[in-house]
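The values are calculated or read from the model by the stated rules, or taken from the named source; none is laboratory data. Worth saying up front: this structure is predicted, and the values here are computed from it rather than measured. Backbone-built Cβ (ideal geometry, glycine too); neighbour counts: all protein chains shown.
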Amino acid sequence: MRKVIIHQSSSIMEVALFLLSVSLPLLLLIKLRSYYNRKLNRRPPGPRGLPWIGNLHQFDSINPHIYLYQLSLKYGPLMSLRLGSVQTLVISSASAAKEVFKNHDLCFSGRPTFVGSQKVSYNSKDIVFSPYNEYWRDMRKICNLHLFSSKRSESFQPVREQEVAQMVKTIRDGAAAADSHIVNLSKTLMTLTSSIMFRITFGKGYDDEDGAEKDNNMSSRFHWLLAESQSTVVSFFLTDYFPVIGRLIDTLSGKCGRLEKSFNALDSFYQQLIDEHLRASTEYGQYTSILEILLQMKKDSREFMLDHVKAILSDVIVAASDSSAAAVVWAMTLLIKSPSTMKKAQQEVRELTGKKGFVDENDVQKLVYLKAVVKEAMRLNPIAPLLVPKETIEKCVINGYEIKAKTLVYVNVHAIGRDPESWEDPNEFLPERFINSSIDFKGQDFELIPFGVGRRICPGITMGVATTELALANLLYSFNWELPSGMKKEDIDMDTLPGITMHKKNHLCLVPQIVN
């Protein structure tokens, strides 16, 4: 009996040892696979959120670029947030941007379908907010060829020069009429860029017809159009973050109704200008307007409808008018706070231009230091500090982190411009850093991407930069600028307004002294 028990015990031990020898490798494989999956599938680090709303309660809607920059100092250049039901990725360094857009640009080429941007873009019939698809690729090729080419930008050179000359004359007349004449440069530059874009887009100026009363009304409506479009694009809708219940709340709160009313007013404005254009002569003047080109595209293609025309008009008008004005205001703000830098820029432009009385665009191409000033201003105060939000169109892995499809992506250009790994003394205004430097803002140098990068880079860089440099050069050439009486340079704040385009919150008001 005892032998039988011993024999059974021996058999059980053998079975146990066999099972153990087989299961240990399996358990080890399972553990390794589990570890690998956890490592591969983990999201980038980020602040912990609350149930249901995630990090939405922490999000600063007024200065999100600054808030996200401060968070990135703690959590790193690839940071994860959850805004309601929307998983979000924030990119905050040049090295992270290079890894993303050099190796995974296609994955990051989508656009989120936010309520406001969808409305302004006529349900993604534009270029800026359209999803990455065959329609977008075709439209991008057509618009690059017909609207945003270097040749097209050159054809608009007389318009830019005429409007800048008019701005200089207006400032000079005011300065000659009164001592210590204060100029609101924020308003002056917004008027300048709006006038340029109105003429380029619609082929006429505010005052081309029907008297001063209508002209003032048209100018006011156009400025309202810009402000309303910006407001619509950045408006907060719960639908964007809580699709099911958000739509009901947005409807009951009246936000959907206000959006519809605003959109109808914008659409009516576009339709009025299109109708006026169709009634007018179709003979081209010294240049072909953007509206003329778009209407010809509509005529040539049955698939290109009137809503497509209006959607692209929104892209051109809002992006170009806002961005150039903001860029010059920030450059002048930084220069007035750094008198030695302003003096150096003025010396360059005045020595080159001499007694001509006006800096034309051919002169601007020779102004090395002025171009460095523009780059440095865009590094410190990028016109779109978070760019236009992106969305991943497929799953990908970045630096060991899994980024899922449909992830909302913010590229924090504000943080990238202050990245100490890319810039020495990153918070200092030093245009000299760009002298003898090959770094440019055309999307190849990830340290400086104020216009974006990759497939979704801003197509209107050439026209926007031309307006910015021409306006700044003539302001520095024609006038010496001083602060209003009793004001110190330390009193000039750098606060910003909410919006895709970063405008200075408090207007920049300076005193011009005419240079003989």
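Points worth noting:
- Boolean, L387 is closer than 30 Å to I336 by Cα, aliphatic (A, V, I, L, M) and surrounded by 18 or more Cβ atoms within 10 Å (Cβ to Cβ): yes
- Where a residue in segment 260-279 is within 13 Å of V309 (Cβ to Cβ) and its partner, wherever it lies, is crowded, with 18+ Cβ neighbours inside 10 Å and polar (S, T, N, Q), with Cβ under 7 Å and at least six apart: none
- Of all residues in segment 406-447, those that are out of contact with any strand residue (DSSP E or B) (no Cβ under 8 Å at 6 or more places or on another chain) and in a loop (DSSP other than H, G, I, E, B) total 27.
- Test: residue in segment 303-313 that is among the basic types (K, R), modelled with pLDDT of 95 or more and assigned to a helix (DSSP H, G or I): no
- Odd one out for L40, checked against (1) at pLDDT 95 or above; (2) farther than 29 Å from K504 by Cα: (1)
- Segment 166-181: number of residues that are buried (at least 16 other Cβ atoms within 10 Å of the Cβ) and among the β-branched types (V, I, T): 2
- Residues in segment 177-197 that are without any contact (Cβ under 8 Å) to a residue 40 or more places away in the chain and not aliphatic (A, V, I, L, M): D179, T188, T191, S195.
- For segment 172-197, the set of residues classified as closer than 30 Å to L294 by Cα and touching a helix residue (DSSP H, G or I) at 6+ places or on another chain (Cβ under 6 Å) consists of L189, M190, L192, T193, S194, S195, I196, M197, listed by residue number.
- Subset of segment 251-261 (residues that are outside any loop (DSSP other than H, G, I, E, B) and either surrounded by fewer than 16 Cβ atoms within 10 Å (Cβ to Cβ) or touching a His at 6+ places or on another chain (Cβ under 6 Å) (or both)): T251, L252, G257, R258, E260, K261
- Among (1) modelled with pLDDT of 90 or more; (2) assigned to a helix (DSSP H, G or I); (3) in contact with a Leu (Cβ under 8 Å, 6 or more places away or on another chain) - the single one V359 does not satisfy: (2)
Residue-wise test of (1) surrounded by 20 or more Cβ atoms within 10 Å (Cβ to Cβ); (2) more than 23 Å from the chain's Cα centre (by Cα); (3) at pLDDT below 80.
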{"residue": "E213", "(1), (2), (3)": "no, yes, yes"}
{"residue": "M218", "(1), (2), (3)": "yes, yes, yes"}
{"residue": "W224", "(1), (2), (3)": "no, no, yes"}
{"residue": "I249", "(1), (2), (3)": "no, yes, no"}
{"residue": "F263", "(1), (2), (3)": "no, no, no"}
{"residue": "L278", "(1), (2), (3)": "no, yes, no"}
{"residue": "E292", "(1), (2), (3)": "no, yes, no"}
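- The condition of being out of contact with any His (no Cβ under 8 Å at 6 or more places or on another chain), at positive phi and surrounded by 15 or more Cβ atoms within 10 Å (Cβ to Cβ) holds for only one of G417, G443, G400, G354, that being G443.
- A count restricted to segment 124-141 and to residues that are in contact (Cβ under 8 Å) with a residue 12 or more places away in the chain and either surrounded by fewer than 16 Cβ atoms within 10 Å (Cβ to Cβ) or under 30 Å from F479 (Cα atoms) (or both) stands at 1.
- Extreme residue, surrounded by the fewest Cβ atoms within 10 Å (Cβ to Cβ), among residues of segment 464-489 that are free of Cβ contacts under 8 Å to residues at least 12 places away in the same chain and at negative phi: K488
- Residue in segment 60-68 that is assigned to a helix (DSSP H, G or I) and either farther than 14 Å from L83 by Cβ or modelled with pLDDT under 55 (or both) present: yes
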